[in-house]
1. Out of Ala66, Ala34, Ala40, which single residue is assigned to a helix (DSSP H, G or I) and in contact with a Cys (Cβ under 7 Å, 6 or more places away or on another chain)?
2. Test of understanding: among Ile202, Ile270, which residue is closer than 30 Å to Ala105 by Cα and out of contact with any helix residue (DSSP H, G or I) (no Cβ under 9 Å at 6 or more places or on another chain)?
3. Among the residues of the range 84-128, which ones are of a type in the set (Asp, Glu) and touching a Lys or Arg at 6+ places or on another chain (Cβ under 9 Å)?
4. So which of Glu42, Glu31 is out of contact with any Pro (no Cβ under 6 Å at 6 or more places or on another chain), under 23 Å from Arg267 (Cβ atoms), of a type in the set (Asp, Glu) and surrounded by fewer than 21 Cβ atoms within 10 Å (Cβ to Cβ)?
5. Pick out the one residue from Arg148, Arg229 that is over 16 Å from the mean Cα position of the chain (by Cα), on the phi < 0 side of the Ramachandran plot and among the basic types (Lys, Arg).
6. May I ask you to say which residue of Leu178, Leu185, Leu223, Leu189 is assigned to a loop (DSSP other than H, G, I, E, B) and either in contact with a helix residue (DSSP H, G or I) (Cβ under 6 Å, 6 or more places away or on another chain) or surrounded by 15 or more Cβ atoms within 10 Å (Cβ to Cβ) (or both)?
7. Just the residues that are closer than 27 Å to Asn252 by Cβ and of a type in the set (Asp, Glu), please, taken from the range 130-169.
8. For the condition out of contact with any Pro (no Cβ under 9 Å at 6 or more places or on another chain), of a type in the set (Ser, Thr, Tyr) and either more than 20 Å from Pro106 (Cβ to Cβ) or in contact (Cβ under 8 Å) with a residue 40 or more places away in the chain (or both), what is the one hit in Thr57, Thr19?
Amino acid sequence: MAARGKVIITCAVTGSIHTPSMSPHLPVTPEEIADAAVAAAEAGAAIVHLHARDPETGRPDQSPEAFARFLPVIRQRSDVVINITTGGAPHMTVEERVRPAAVFAPEVASLNMGSMNFGLFPMLARYRDFRHDWEREHLERSRDLVFRNTFRDIEYILATCRDNGTRFEFECYDIGHLYNLAHFLDRGLVEPPLFVQSVFGILGGIGTHPEDVLHMKRTADRLFGDAYRWSVLGAGRHQMRIAAMAAALGGNVRVGLEDSLWIGPGRLAISNAEQVRQVRQILEGMGFEVATPDEARAILRLKGGDRVNF
C-alpha cells in the first residue's frame, strides 16, 4: 500500500502529445496552464507535471522563458508539488529538454528511462481538420521517429540536476526501462525512494492488459523492493481503468489532459480538475485517502517548495 494508506495523485496538465485541435479544453497559454494546475491541486492533486506551449500555436516549447510565464504564478497560488518535464517532445535534443529543470531546480522532474518508438500517428485517422500546420506534421513524423533516451542522455540529465536537489519521476514505458533504472541505482547515480511512473498504452511501449500492469509491478517489486514508490498512467480511454487497477495493488496514480482528453466514452474532459475529481472518487470509494502536497513531499522525500528557483 502507498505509505500510510495515502495515495499520491499527479496531474499532467498539458503535455506535448495532444494538439489544440483535438480539444478546446487543452491548456495552451501560460494563464490556462497556471489556472489548470491550481484547479487540479484544489481538486486533490498533490503533484502537477508541467510542459509549456507556444501561446499562439500550442506547439510544445521547452524554453525556460516559456516556463517562467506560469511557474511563479502556480507557486504563489498553491502549495502543490511542481514537476517539470525533461521529456519535452520526442523531436527535441536532450540539451533542450533539460534546460527548464536546470534553471528552475524544481522539487521533481520527469526522466524517461529508455529510447523507444513513440507512435502518435494513429491519431491522424481520428481528426480531419487541424488549426495549425505543425499539428499534422507532429503526428505524421512519429511514424519514423525514435524518442531518444540513451544511457548518455540519462546520465547527462542526472548530472545536470545533481546539485539542485531535484528528485525524479522515472517514466518507464516498458520492462526494459525498469532494468535501466536498476542499472543507475546499482551505480549509485539515483537514490531511493525511487518514484517510478509506469506508462501504459503508448504505441511503442507496454500495453494496457491487466497482465501488463501486474508484470510491471512484479518486476519493479523484484528489482527495487521497498526502495521505490509506484505510480501509473494509462493513455487515452484506459486512464481510469489502469488507475483503479494500480490503486488496488497499492500504487499511486496520474491523470491529466497530457495522458487522456476524455472523461468517459465519447465525452471530452472539460478540465484537468474533472479528471482529478473522478480518480479521487474512485480512490476514496476503494477506501483510500488522497495525499496532500506535504504528505507527498514526505513520502517521496522531496526538498520542499521553498528551495526551488521560481
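Bear in mind that the values in this text are calculations on the coordinates, not laboratory data. Computed from a prediction, not measured in an experiment: that's the story for all the values here. All Cβ positions, glycine included, derive from the backbone under ideal geometry; neighbour counts span all protein chains shown.
1. Ala40
2. Ile202
3. Answer for the range 84-128, where residues must be of a type in the set (Asp, Glu) and touching a Lys or Arg at 6+ places or on another chain (Cβ under 9 Å): just Glu107.
4. Of Glu42, Glu31, the one residue that is out of contact with any Pro (no Cβ under 6 Å at 6 or more places or on another chain), under 23 Å from Arg267 (Cβ atoms), of a type in the set (Asp, Glu) and surrounded by fewer than 21 Cβ atoms within 10 Å (Cβ to Cβ) is Glu42.
5. When all the criteria are applied, what remains is Arg148.
6. Leu189
7. Asp153, Glu155, Glu169
8. Of the residues listed, the single one that is out of contact with any Pro (no Cβ under 9 Å at 6 or more places or on another chain), of a type in the set (Ser, Thr, Tyr) and either more than 20 Å from Pro106 (Cβ to Cβ) or in contact (Cβ under 8 Å) with a residue 40 or more places away in the chain (or both) is Thr19.
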